[in-house]
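Novice: Here it is, the structure in full.
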Amino acid sequence: MSLVTSAKMAWQMVQRHRLRTGLTMLGILIGNAAVVAIAGFGNAAQEMAVDQFRSLGTNLLIVFSSSLGLADASNTRPITLDDLMAIEQEVPAVSAAVPSIGTNVRAVRGGVDRRYEATGTWPEYLSVLNLEMEHGRFLSPADIKEQRSVVVLGSEAASQLFGLDPASALGQTVLLNNLPFEVIGTLRSKPTVFGNSDAGVFLPVDVVANQFVGRRSPYGTELTAIFASARSVEDLPAAEFQIRNLLRQRHQLVGEDDFIIRNQKVLLDGAATILGLLRVLLTGTAALSLLVGGVGIMNVMLISVAERTHEIGVRKAIGADSRQILQQFATEAIFIAVTGGVIGILFSSGLLVVVQVFTPLATTIDPVAVAVSFSLSTAIGLVFGIFPARKAAQLDPIEALRA
């Protein structure tokens, strides 16, 4: 009996038991659809996260004190404004460096009363962190020098304080900790690697230090962090090395560092690795559902063998050998698995295309996931169908005819 004949007989069996075969295919169909869909959505989510990190700049270094967030930091020297000045002047691999002093402030405007993260910084903050203005302007050198009472609002803060028209905020006054500040600009919405710029307000660094924080260390104006931009991605290792040596010298360190340097590219690579592992884990979990479909195939094939015992006896009586019976039932099991797998792959591929067209998520059909899913479903059909097929092939023809 040829494979073509076996395939025709498998198709006839499917037509005779449409409902039962359809329910059996369902497990394989769902398993294949889940594998392909999760791989596609996982790739899209990974690319989106990496793009967001990349949009912040891959040549960014963040320096902050190792005592940040600790209750007892008496033995640790903080990062100061003087450290920042030294980095700008003495580290050739750094193109720009800006300070960040963070504190919570209460913002009141009309009947709106909110709390935001206030960041004291310099004009270059915008370029170093790749932020963009939506309305107005950012802090100017004159604002810093004269310690003007001006503020730039994040997009979320502007919407909450001024409603649906953030542009109307320009020139208006906002009370920050009961002190009046003139709004000079609003930022365009964008994620940041450190804090949330959308829900923040930005002021001259000395204004935050003097009027809101009011805390100075013996070493100078204490900073929450320093953001340094290397001249290029290739200069990142050199910039990090030079900053570390400079700060160790300035802080007169002998043992461990009392500061931490975070490399944006390392964060990017780490995020990509974690998301990739998560995608593989979810895809593998979805692939396990194919085993459920395999059990269903074995179950329905055992039922089929029991129902067709007399038919098997007749075939053997007219000359069919065990190999041909084995081939017939194995072909039926593989046919169910492959058909369910193809339908599941087509369904999930169509879903990914629809999501790509109608949503911002750039989903793609992963050919590796499709190949692995199809191969698994075919193999599962063969493995779980071989036991019922062998049982059918080993039936004694005389006993089968008596059934």
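Novice: If you bin every alpha carbon distance in the chain into 20 Å steps from zero, what whole percent lands in each bin?
Specialist: Percent of Cα pairs in each bin: 22, 32, 21, 17, 7, 0.
Novice: Hey, with R₀ at 25 Å, roughly what FRET efficiency would residue 291 and residue 8 work out to, going by the Cβ-Cβ distance, to 0.05?
Specialist: Between residue 291 and residue 8 the formula returns 0.30.
Novice: Among 155-168, 328-341, what's the highest-first ranking by average C-beta atoms within 10 angstrom per residue?
Specialist: Listed from highest to lowest mean packing, they are 328-341, 155-168.
Novice: Using helices alone, what [θ] at 222 nm do you get for the chain, with -39,500 (n - 2.57) per DSSP H run of 4 or more residues, divided over all residues and rounded to the nearest 500?
Specialist: Estimated from H runs of four or more residues: -18500 deg cm²/dmol.
Novice: Can I ask one more? Checking the a/c ratio against 1.5 first, then a/b against b/c, what shape does the Cα gyration tensor give for region 128-272?
Specialist: oblate
Novice: Rounded to whole Å and sorted largest first, what semi-axes of the equivalent ellipsoid does the C-alpha gyration tensor of region 96-160 yield via the square root of 5 times each eigenvalue?
Specialist: Sorted largest first and rounded, they come to 21, 14, 12 Å.
Novice: Moving on to the next point. Report the full-extension gain for the segment residue 272 to residue 20: residue separation times 0.36 nm, less the Cα-Cα distance, to one decimal in nm.
Specialist: Going from the current span to full extension adds 86.3 nm.
Novice: Name the residue from 80, 40, 275 whose Cα lies farthest towards the positive end of the charge dipole of the chain, charges +1 on Cβ of Lys and Arg and -1 on Cβ of Asp and Glu.
Specialist: Positive-most Cα among the choices belongs to 40.
Novice: Rolling a 1.4 Å sphere over the protein heavy atoms, what is the accessible area per residue of the chain, to the nearest Å²?
Specialist: Counting only protein heavy atoms, the per-residue value for the chain is 48 Å².
Novice: Could I ask something else about it? Mean Kyte-Doolittle of at least 1.0 and a Cα length of 24 Å or more along the axis: which whole DSSP H helices of the chain meet both?
Specialist: Those that clear 24 Å and a mean of 1.0 are 264-307, 322-358, 367-393.
Novice: Additional query: What does the extension gain come out to for residue 379 and residue 359, with contour length at 0.36 nm per residue minus their alpha carbon separation?
Specialist: Taking 0.36 nm per residue and subtracting the Cα distance, the gain is 3.7 nm.
Novice: Here is a further query. Heavy atoms of the protein only, probe of 1.4 Å, neighbouring chains included. What is the accessible area of residue 134 in Å², nearest 10?
Specialist: Counting only protein heavy atoms, the figure is 80 Å².
Novice: Compute the distance from the alpha-carbon center of region 239-297 to that of region 309-380, in whole Å.
Specialist: 38
Novice: Still on this structure, please answer the following. Between residue 252 and residue 347, what length in nm is gained on full extension when 0.36 nm per residue of separation is reduced by their alpha carbon distance?
Specialist: Full-extension gain reported as 27.8 nm.
Novice: Something else about it: Rounded to the nearest 20 debye, what is the charge dipole size of region 285-353 about its Cα centre when +1 sits on each Lys and Arg Cβ and -1 on each Asp and Glu Cβ?
Specialist: 100
Novice: Treating region 214-255 as a set of equal point scatterers at the Cα positions, no solvent, please give the Debye-formula log₁₀ I(q)/I(0) at q = 0.17, 0.35 Å⁻¹.
Specialist: At q = 0.17, 0.35 Å⁻¹ the computed log10 ratios are -0.64, -1.13.
Novice: Now for a separate question. Any idea which of 157, 232, 254 is furthest toward the positive side of the dipole for region 126-284, if Lys and Arg beta-carbons carry +1 and Asp and Glu beta-carbons -1?
Specialist: Positive-end residue among those listed: 254.
Novice: With charges set only on the Cβ (+1 for Lys and Arg, -1 for Asp and Glu), what does the dipole of the chain come to about its Cα centre, in debye to the nearest 20?
Specialist: Its charge dipole is roughly 1820 debye.
Novice: Work out the charge dipole of the chain with +1 on the Cβ of Lys and Arg and -1 on the Cβ of Asp and Glu about the Cα centre, then indicate which of 183, 385, 119 is farthest towards its positive end.
Specialist: The residue sitting farthest along the positive end of the dipole is 385.
The values are calculated or read from the model by the stated rules, or taken from the named source; none is laboratory data. Quick caveat, the model's predicted, so the values are computed rather than measured. All Cβ positions, glycine included, derive from the backbone under ideal geometry; neighbour counts span all protein chains shown. Ligands, DNA and RNA are excluded from the accessible area calculation, which covers all protein heavy atoms including side chains. Shrake-Rupley method; radii C 1.70, N 1.55, O 1.52, S 1.80 Å.
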